[in-house]
Amino acid sequence: MPADTSATDPESSTPAPQLATPTPVAASVPSQPFATEHTLAAPYTAPMPSAAQPYTQPYAHPSPQPQVVFYQKMPGTKKGLGITSMVLGISALVFAWTTIFAFVMLVLAFIFGIASLMRKESPRGFAITGIILGSIAVVLVVLIAVVIASFGAAVMGVTQ
């Protein structure tokens, strides 16, 4: 394969591109490595107001106006006794096998449920749930007490 003679070929219509030789640039190194013209300039000083112009703040905001705040107490729902009644009713059902402990809880469930209804607490559903669960617990406690008594009598040999 012949060598590329396009740069020296006299018959070629376009001249070969000439590479530019880099010209050396005098490097100016500042005396401080990070100093620039901006940091070496004099610090800014505010212009002095003249006697002809009165001093005013250019962006002054008007003084804040006093605000009156009204606090309104939100009507709260009183449901503490109703929730207590419901929790005691649930506990009485869970602990129905401990007849004396469950009996105390169901009596308290009745008391708190009726007190909640008499005070007209809102919502009434907690109090009603506590009373209903207390009623179910009464039936369950009596049934368990009868079973325990009859089992005890059968074990002891007591017959009537």
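The values are calculated or read from the model by the stated rules, or taken from the named source; none is laboratory data. Model, not experiment: these values are computed from the prediction. Positions of Cβ are backbone-derived with ideal geometry, glycine not excepted, and every protein chain shown enters the neighbour counts.
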Task: Residue in segment 118-141 that is under 40 Å from the mean Cα position of the chain (by Cα), modelled with pLDDT of 90 or more, over 18 Å from residue 90 (Cα atoms) and part of a helix (DSSP H, G or I) present - done: yes
TODO: Can you run down the residue pairs with Cβ atoms below 6 Å, 6 or more apart or on separate chains, where the first is in segment 120-148 and hydroxyl-bearing (Ser, Thr, Tyr) and the partner is surrounded by 14 or more Cβ atoms within 10 Å (Cβ to Cβ)?
DONE: 129/86
